[in-house]
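**Q** The structure is given below, and queries will be raised subsequently.
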4 protein chains.
Amino acid sequence: MAGNSFGTLFKLTTFGESHGPAIGGIIDGCPAGLKLDLDAIQKDMDRRRPGQSKIVTQRKEPDRVEFLSGIFEGETTGTPIGFLIQNADQRSRDYSHIKDVFRPSHADYTYQQKYGKRDYRGGGRSSARETACRVVAGSIAKQLLGDMSIDAYTSSVGDIVLGKSHEELDLSLIESNPVRCPHPDTAVRMIERIEQIKKAGDTIGGVITCVIRNVPAGLGEPVFDKLHAQLGKAMLSINAVKGFEYGSGFEGTRMTGSRHNDIINEDGSTQTNRSGGVQGGISNGMDIYFKVAFKPVATIMKKQDTINEKGEAVEMQGKGRHDPCVVPRAVPIVEAMAALVMADYLLLSKISKH
Amino acid sequence: MAGNSFGTLFKLTTFGESHGPAIGGIIDGCPAGLKLDLDAIQKDMDRRRPGQSKIVTQRKEPDRVEFLSGIFEGETTGTPIGFLIQNADQRSRDYSHIKDVFRPSHADYTYQQKYGKRDYRGGGRSSARETACRVVAGSIAKQLLGDMSIDAYTSSVGDIVLGKSHEELDLSLIESNPVRCPHPDTAVRMIERIEQIKKAGDTIGGVITCVIRNVPAGLGEPVFDKLHAQLGKAMLSINAVKGFEYGSGFEGTRMTGSRHNDIINEDGSTQTNRSGGVQGGISNGMDIYFKVAFKPVATIMKKQDTINEKGEAVEMQGKGRHDPCVVPRAVPIVEAMAALVMADYLLLSKISKH
Amino acid sequence: MAGNSFGTLFKLTTFGESHGPAIGGIIDGCPAGLKLDLDAIQKDMDRRRPGQSKIVTQRKEPDRVEFLSGIFEGETTGTPIGFLIQNADQRSRDYSHIKDVFRPSHADYTYQQKYGKRDYRGGGRSSARETACRVVAGSIAKQLLGDMSIDAYTSSVGDIVLGKSHEELDLSLIESNPVRCPHPDTAVRMIERIEQIKKAGDTIGGVITCVIRNVPAGLGEPVFDKLHAQLGKAMLSINAVKGFEYGSGFEGTRMTGSRHNDIINEDGSTQTNRSGGVQGGISNGMDIYFKVAFKPVATIMKKQDTINEKGEAVEMQGKGRHDPCVVPRAVPIVEAMAALVMADYLLLSKISKH
Amino acid sequence: MAGNSFGTLFKLTTFGESHGPAIGGIIDGCPAGLKLDLDAIQKDMDRRRPGQSKIVTQRKEPDRVEFLSGIFEGETTGTPIGFLIQNADQRSRDYSHIKDVFRPSHADYTYQQKYGKRDYRGGGRSSARETACRVVAGSIAKQLLGDMSIDAYTSSVGDIVLGKSHEELDLSLIESNPVRCPHPDTAVRMIERIEQIKKAGDTIGGVITCVIRNVPAGLGEPVFDKLHAQLGKAMLSINAVKGFEYGSGFEGTRMTGSRHNDIINEDGSTQTNRSGGVQGGISNGMDIYFKVAFKPVATIMKKQDTINEKGEAVEMQGKGRHDPCVVPRAVPIVEAMAALVMADYLLLSKISKH
């Protein structure tokens, strides 16, 4: 209700500010008897972790997840899985310069308006640090999905656009470079662009594409909780996201129905997949794919005009170690949120029929 | 849970198939003491109604809403508002040709996979007919919003694109033409395009832009239930929607942070509004605006290959009276869903502070 | 949220005032493919109906339920089941004497305090008329339960107490008399008592016992949503209920652990059943049984002092046709609420294990 | 959904097994700007703590609560409050004797049936240890309630019954003795009884009465979420609870309406309070009071027959340090659950009127 839970049957609730002692969460509704690969979880955490490459923030956060309950002898027990991630890098002095200041295009002003009070240190609850908890839960969700696979990758950085569909790419190459683009030549150009932007003290946006394969037909709920609507909400809830499209997306608005329709083969598959694997809000067994738009990070190393809590004009400049482009580290977050949705809908699908 | 409810405090639950005796819903959580303008509700219904102009479906549905509870002496009582809309145009014989056939890019196949059984008449529950209930509830939600205004309009039909921002337009012109585009010259071209497409027995997609003004700062919830995430889910839950973007949207991914950031004025307003009125998931008092992508209607008046329930290849052709472009009638639906979100978050905001 | 929904996966939402045009509801989450026996539903409705015998209210309400959606060719389709019950007996003039008056031990005063406005006709939303919708949904829930059986019966009327456990009774006799007590001799005494109370213009309370048999072990959720906690909430939500106990109940508080513990047999059954079929909130396969306390109906045919909306002392007297004892008609309501809980938890149990 | 959350707006989610590293929880929805008295929270924790007196279990658990988020400069920030309680006394070897055995009237058998797997150490999730988290959250909820006061006390132990209503007692005496009975003479007899039972290696049940005063009129939701129904669920969710009654309770079933009705005074108060402060599910401003029945603790220091996981008959005997009577330590738990309900409904009441 107050915004810190996601999912209905497979449900994640999180807590924690960027500069408190720890962040963490509770996964409620994970079925019993799932053998957990804890290394796989930490591996996903490492993909999101600061300091993993030269094109991301150089903050030091080991981001080790500690499980406190719900797992016994290596398997889930059906009871809630509580977990913690210590905040190692709580250098509060770094943030004294923003104590009374509303940073442009951050949540400082809006949190103050909503709550009348805020933990200003590092953005507090509005910091993207909370996404670490999403990755923990999403990684467990992935393990529940069996044959389904979820792969996200960077498909654009600023105006460097990967002009190929996911079917033309070798997704096993995603992790072969720090920008997480499965097309090596484009990856090189993206990295160059990020380095150039970083040098200028600026930031840049980008797009992540995500593909979910081996989805059984029949996942999704009618009307308000359509599968793609929940995927959209999941993605839009990630910090810095400005847009979501699936299947033919905005491009599909220019097509005619006769071109856009996916003709059905005798085995139930379709000849094209402009539907993006979802029809009427329910999966049809084809690949689900969608794009997520990320704005440029708001913290820049340049002077900007803004106001303080008294409404006085002041000048400020970002300090510290921020991401010049959030997209490479957001790839595992997109996967995690997709996994949470798919796990939830997989469980929901078990009660569709009598 | 099963997908037929929307909202948390201001909550709509709907029922009904396109060819059953009636559709309807229950609005639970509307505060007591709201004077209702029933004419305004019917007016919104008439904007969604079939047969309202020559560029929409010519089905005959008066779409009169009948309230059964929750209203006493012209005011809400705080108890659930039950309502009904009779299905006047239940010509089931129109649909005998699709009884055993899975129409391309419809929900026939996926409902069958999910439920093992479906009411095939006119799409049953997956028909866009259910959106009439959304308009009823959304119209009541609008009346709860006080000074806030919600205006949606057609900003593209196929490749006919209205190339102006909402700030450059006179939104009072939206209802001056049947395509609901506030730019008269562009409206003429859009109408021509729809007529041409209709003549060809085909359909076309389009984009709707929606603007919410006079929003108080502080609406929205952190992390998973960000205001724009819920708006996105609301829009993506509407039939035929393929994408959602707010503020700078996908275009913003190409910008640098120094250009994208909205500098804050001393009164808390911002010099630009790339944030789209929402920062960190919470409204900042600026206009909220977003775009919604609609695919072309899947039912076309041309022969298409498909399969039947036995998995045999068959040929089919749309019959009846369908929309050549769903966008003009979807404008009030977009507004309704936006109103449902805003009403819900307005109520939620009342408990943010002690 | 606003109190008019019950259940999580098998979910009922209701609307309607006693003197509006109709009451009704939506059942969302009933799995597809359940063959419905509509006569069985009406039969349960008839057990709750006014005017069914001389010991209940003589109001005339046929209470015919009309289904509007979610059922196709005699089976559920998985989509929401909308239904209506017309209010035949809307004699609003009967209630003019209570328009401005707060009746003692009714909800008039509290609704006024909460909402600032109320539909005073016949109690409006607070009338027990809404329980008709519960019976509709509960009757469908029963059909989902397969082998499980749910039988409620009157175990006391005032000080006439049926001093036998459910295991000593022949529950097939419940419907053999109008008071719904499976012990014919006691039934006669109960009926006499109700007639005597009615003649005096007064009312009397009573207790209903409910037994659920053939429950699979493993239904229930840990901690907050224990099976008996949800059964308790379900019963306490019925009008006039003042208490709930299951298994050994209040009597069990006087026992020692060595006497109270249920020794487990090799087949998993227990030698005694003081646990009432539930241990740690989860069913163990033994009979679930509980008692529900109903206070005397507040409307009496005698003069009482009270106040009006202005806070002035006034005298009032009940008019119309009220139940001298609510218990006989509450039996099917208790069963219905029990069925809603069991159906919901049966669905929830399908996702406990991987 | 999976049972580990309580509340709608003021919502507690908990995790943790009795013998894992820690238990804890997340409180989501506590409004911002509440000054917290952390000592008061620890004081409530100490009232629930093992080892506090000679009539309770002698386990050693300091039960220090550690807050990880949602509090800044001594006030709540509106973001989720995460908290931890370390499990100091994890002596797993104590439980080796129950590894494969289903203890009579415990949740061992039912958890095994539901989940197919369980953490057998000390009851795992089904242990009453989780109630420590309820006390943390309830104690914060109390601080949100302003003038409202919540006082629970022991009103019976076995057949030692405190035969006075709460209005005849001095509730400031509750904490004056270890059994938490505000009637000193009766307290002495209760303590003697518990010591006698303990010496016999047995256990005994009891009843707790709870009184909520200074409740504003108008709290509660209609139909399914009646205030007393949620209080009942809250109480029934506490380990070992078998029954709940409020106001006149089961005794009220023997009364006539003319005697049971509470006549309303000109100021809205009532001359009697058989309603227990709630009418039609909504508070009327009078004291809310209710009774909660606790069965005797199932773990006894005597030999009992039972079965193991293979279904073989075995003999077992309780070991370790258990409560001979759970009631004294359950008093703060009853208060905590009552506080959670009242805080939630207080927030809900803020949106009843437009």
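The values are calculated or read from the model by the stated rules, or taken from the named source; none is laboratory data. Everything quoted here is computed from the prediction, not taken from an experiment. Positions of Cβ are backbone-derived with ideal geometry, glycine not excepted, and every protein chain shown enters the neighbour counts. Note: areas computed on protein heavy atoms with side chains; ligands, DNA, RNA excluded. Shrake-Rupley method; radii C 1.70, N 1.55, O 1.52, S 1.80 Å.
**Q** Please indicate, with yes or no, whether at least one residue in segment A:99-109 is of a type outside the set (S, T, N, Q), in contact (Cβ under 8 Å) with a residue 24 or more places away in the chain, more than 14 Å from chain B (Cβ to nearest Cβ) and open to solvent by 20 Å² or more (accessible area, probe 1.4 Å).
**A** Taking every residue of segment A:99-109 in turn, none turns out to be of a type outside the set (S, T, N, Q), in contact (Cβ under 8 Å) with a residue 24 or more places away in the chain, more than 14 Å from chain B (Cβ to nearest Cβ) and open to solvent by 20 Å² or more (accessible area, probe 1.4 Å).
**Q** Considering only segment A:88-111, how many residues are at pLDDT 90 or above and more than 14 Å from A:Gly311 (Cα to Cα)? Spell out the reasoning first.
**A** Step one: list which residues in segment A:88-111 are at pLDDT 90 or above, which gives A:101-111.
Imposing the further condition that a residue be more than 14 Å from A:Gly311 (Cα to Cα) reduces the set to A:105-107, A:111.
So the answer is 4.
**Q** Can you pull out the residues in segment D:127-139 that are within 13 Å of chain C (Cβ to nearest Cβ), open to solvent by less than 30 Å² (accessible area, probe 1.4 Å) and in a helix (DSSP H, G or I)? First the steps, then the outcome.
**A** Residues of segment D:127-139 that are within 13 Å of chain C (Cβ to nearest Cβ), as a first pass: D:127-134, D:137-138.
Next, only the ones that are open to solvent by less than 30 Å² (accessible area, probe 1.4 Å) stay: D:127, D:129-134, D:137-138.
D:Arg129, D:Glu130, D:Thr131, D:Ala132, D:Cys133, D:Arg134, D:Ala137, D:Gly138, listed by residue number.
**Q** Taking segment C:179-206, which residues are buried (at least 18 other Cβ atoms within 10 Å of the Cβ) and in a loop (DSSP other than H, G, I, E, B)?
**A** C:Val179, C:Arg180, C:Cys181, C:Pro182, C:His183, C:Asp202, C:Thr203, C:Gly205
**Q** Taking the conditions exactly as written (modelled with pLDDT of 95 or more, more than 29 Å from C:Tyr111 (Cα to Cα) and open to solvent by 30 Å² or more (accessible area, probe 1.4 Å)), does B:Lys114 satisfy them or not? If you could, list the steps in order and put the result at the bottom.
**A** Numbers: modelled with pLDDT of 95 or more: yes; more than 29 Å from C:Tyr111 (Cα to Cα): yes; open to solvent by 30 Å² or more (accessible area, probe 1.4 Å): no.
Answer is no for this residue.
**Q** Related question: So, D:Pro332, is that one of a type outside the set (Gly, Ala, Ser), facing chain C (nearest Cβ under 10 Å), touching a residue at least 60 places away in the same chain (Cβ under 8 Å) and open to solvent by less than 10 Å² (accessible area, probe 1.4 Å) or not?
**A** Details: of a type outside the set (Gly, Ala, Ser): yes; facing chain C (nearest Cβ under 10 Å): no; touching a residue at least 60 places away in the same chain (Cβ under 8 Å): yes; open to solvent by less than 10 Å² (accessible area, probe 1.4 Å): yes.
Considered against the rule, which asks whether it is of a type outside the set (Gly, Ala, Ser), facing chain C (nearest Cβ under 10 Å), touching a residue at least 60 places away in the same chain (Cβ under 8 Å) and open to solvent by less than 10 Å² (accessible area, probe 1.4 Å), D:Pro332 comes out as no.
**Q** Starting from segment B:17-40, keep only residues that are facing chain C (nearest Cβ under 7 Å) and surrounded by fewer than 16 Cβ atoms within 10 Å (Cβ to Cβ), then list their pairs with residues that are among the small types (Gly, Ala, Ser) and not in a strand (DSSP E or B) whose Cβ atoms are within a distance under 8 Å, requiring at least 6 positions of separation or different chains.
**A** Going by the 8 Å Cβ cut-off, the qualifying pairs are B:Gly33/B:Gly78; B:Gly33/C:Gly116.
**Q** Then there is this: Based on this model, can you work out whether B:Ala240 counts as open to solvent by 20 Å² or more (accessible area, probe 1.4 Å), facing chain A (nearest Cβ under 10 Å) and modelled with pLDDT of 95 or more? I'd like the intermediate steps shown before the answer.
**A** Numbers: open to solvent by 20 Å² or more (accessible area, probe 1.4 Å): yes; facing chain A (nearest Cβ under 10 Å): yes; modelled with pLDDT of 95 or more: yes.
The answer is yes for B:Ala240.
**Q** Within segment C:344-352, identify whether any single residue is hydroxyl-bearing (Ser, Thr, Tyr), open to solvent by 30 Å² or more (accessible area, probe 1.4 Å), farther than 22 Å from D:Arg125 by Cβ and at pLDDT 95 or above, and answer yes or no.
**A** No, because not a single residue in segment C:344-352 is hydroxyl-bearing (Ser, Thr, Tyr), open to solvent by 30 Å² or more (accessible area, probe 1.4 Å), farther than 22 Å from D:Arg125 by Cβ and at pLDDT 95 or above.
**Q** If you don't mind, another one. Suppose we filter segment B:243-285 for residues that are facing another protein chain (nearest Cβ under 8 Å), free of Cβ contacts under 8 Å to residues at least 40 places away in the same chain and under 26 Å from A:Gly247 (Cα atoms); how many remain?
**A** Going through segment B:243-285 one residue at a time, the tally reaches 8.
**Q** Shifting gears a bit: Would it be correct to say that D:Gly123 is over 22 Å from A:Gly16 (Cβ atoms) and surrounded by fewer than 20 Cβ atoms within 10 Å (Cβ to Cβ)?
**A** In short, no.
**Q** If a residue has to be touching a residue at least 60 places away in the same chain (Cβ under 8 Å), more than 7 Å from chain C (Cβ to nearest Cβ) and not polar (S, T, N, Q) to count, how many in segment D:287-304 make the cut? Before the answer, list the steps.
**A** Step one: filter segment D:287-304 for residues touching a residue at least 60 places away in the same chain (Cβ under 8 Å), giving D:287-302, D:304.
Narrowing further to those that are more than 7 Å from chain C (Cβ to nearest Cβ): D:287-292, D:299, D:301.
Checking which are not polar (S, T, N, Q) leaves us with D:287-292, D:301.
The qualifying residues number 7.
**Q** Same structure again: Mind checking which residues of segment B:41-59 are of a type in the set (Lys, Arg) and either open to solvent by 30 Å² or more (accessible area, probe 1.4 Å) or farther than 23 Å from B:Ile204 by Cα (or both)?
**A** The first filter runs over segment B:41-59 and keeps only residues of a type in the set (Lys, Arg), leaving B:43, B:47-49, B:54, B:59.
Within segment B:41-59, B:Lys43, B:Arg47, B:Arg49, B:Lys54, B:Arg59 qualify.
**Q** Please determine, by comparing only the residues of segment D:210-227 that are open to solvent by less than 10 Å² (accessible area, probe 1.4 Å) and within 19 Å of the chain's Cα centre (by Cα), which one is nearest to D:Tyr153 (Cα to Cα).
**A** D:Cys210
**Q** Return the residues of segment D:249-266 that are touching a strand residue (DSSP E or B) at 6+ places or on another chain (Cβ under 6 Å) and either polar (S, T, N, Q) or open to solvent by 50 Å² or more (accessible area, probe 1.4 Å) (or both); say none if nothing qualifies. Explain how you work it out, then say what you get.
**A** Our first condition is that a residue be touching a strand residue (DSSP E or B) at 6+ places or on another chain (Cβ under 6 Å); within segment D:249-266, this holds for D:249-250, D:252-253, D:256, D:262-264, D:266.
If the condition is that a residue be touching a strand residue (DSSP E or B) at 6+ places or on another chain (Cβ under 6 Å) and either polar (S, T, N, Q) or open to solvent by 50 Å² or more (accessible area, probe 1.4 Å) (or both), then D:Thr253, D:Thr256, D:Glu266 are the ones that fit.
**Q** Cβ-Cβ under 8 Å, sequence separation 6+ or interchain: first residue in segment A:212-236 and farther than 20 Å from A:Lys11 by Cβ and at the interface with chain B (Cβ under 7 Å from one of its Cβ atoms), partner of a type in the set (Val, Ile, Thr) and in a helix (DSSP H, G or I). Which pairs?
**A** A:Ala217/B:Thr110; A:Gly218/B:Thr110
**Q** In this structure, does A:Thr209 turn out to be in contact with a His (Cβ under 7 Å, 6 or more places away or on another chain), within 14 Å of chain B (Cβ to nearest Cβ) and either outside any helix (DSSP H, G or I) or modelled with pLDDT under 95 (or both)? I'd like the intermediate steps shown before the answer.
**A** Details: in contact with a His (Cβ under 7 Å, 6 or more places away or on another chain): yes; within 14 Å of chain B (Cβ to nearest Cβ): yes; either outside any helix (DSSP H, G or I) or modelled with pLDDT under 95 (or both): yes.
Judged against the criteria, A:Thr209 is a match.
**Q** Let me ask another. Would you mind stating whether A:Thr77 is of a type in the set (S, T, N, Q) and within 30 Å of A:Asn308 (Cβ to Cβ)? Full working, then the answer.
**A** Working: of a type in the set (S, T, N, Q): yes; within 30 Å of A:Asn308 (Cβ to Cβ): no.
So A:Thr77 fails the test.
**Q** Can you name the condition, by its number, that C:Lys142 falls short on among (1) in a loop (DSSP other than H, G, I, E, B); (2) open to solvent by 40 Å² or more (accessible area, probe 1.4 Å)?
**A** The number of the failed condition is (1).
**Q** Under the condition of being free of Cβ contacts under 8 Å to residues at least 24 places away in the same chain and out of contact with any helix residue (DSSP H, G or I) (no Cβ under 9 Å at 6 or more places or on another chain), which residue from segment D:172-202 is farthest from the other protein chains (Cβ to nearest Cβ)?
**A** By that ranking, first place goes to D:Ser172.
**Q** Pull up segment A:305-325, narrow it to residues that are facing another protein chain (nearest Cβ under 10 Å) and within 27 Å of A:Leu236 (Cα to Cα), then point me to the one that is most open to solvent (accessible area, probe 1.4 Å).
**A** In this case the residue turns out to be A:His322.
**Q** Could I ask something else about it? Being within 17 Å of B:Gly218 (Cα to Cα), touching a Pro at 6+ places or on another chain (Cβ under 9 Å) and crowded, with 24+ Cβ neighbours inside 10 Å narrows it down to one residue among B:Gly280, B:Gly285; which is it?
**A** Details: B:Gly285 fails: crowded, with 24+ Cβ neighbours inside 10 Å.
Step by step, each of B:Gly280, B:Gly285 is checked, and only B:Gly280 is within 17 Å of B:Gly218 (Cα to Cα), touching a Pro at 6+ places or on another chain (Cβ under 9 Å) and crowded, with 24+ Cβ neighbours inside 10 Å.
**Q** Quick test of your reading of the structure: D:Ala2 fulfils all but one of (1) within 14 Å of chain C (Cβ to nearest Cβ); (2) open to solvent by 10 Å² or more (accessible area, probe 1.4 Å); (3) closer than 30 Å to D:Ile194 by Cα. Name the failing condition by number.
**A** Unmet for D:Ala2, out of (1) within 14 Å of chain C (Cβ to nearest Cβ); (2) open to solvent by 10 Å² or more (accessible area, probe 1.4 Å); (3) closer than 30 Å to D:Ile194 by Cα: (3).
**Q** Quick test of your reading of the structure: D:Lys164 fulfils all but one of (1) part of a loop (DSSP other than H, G, I, E, B); (2) within 10 Å of chain C (Cβ to nearest Cβ). Name the failing condition by number.
**A** The single condition D:Lys164 does not satisfy is (2).
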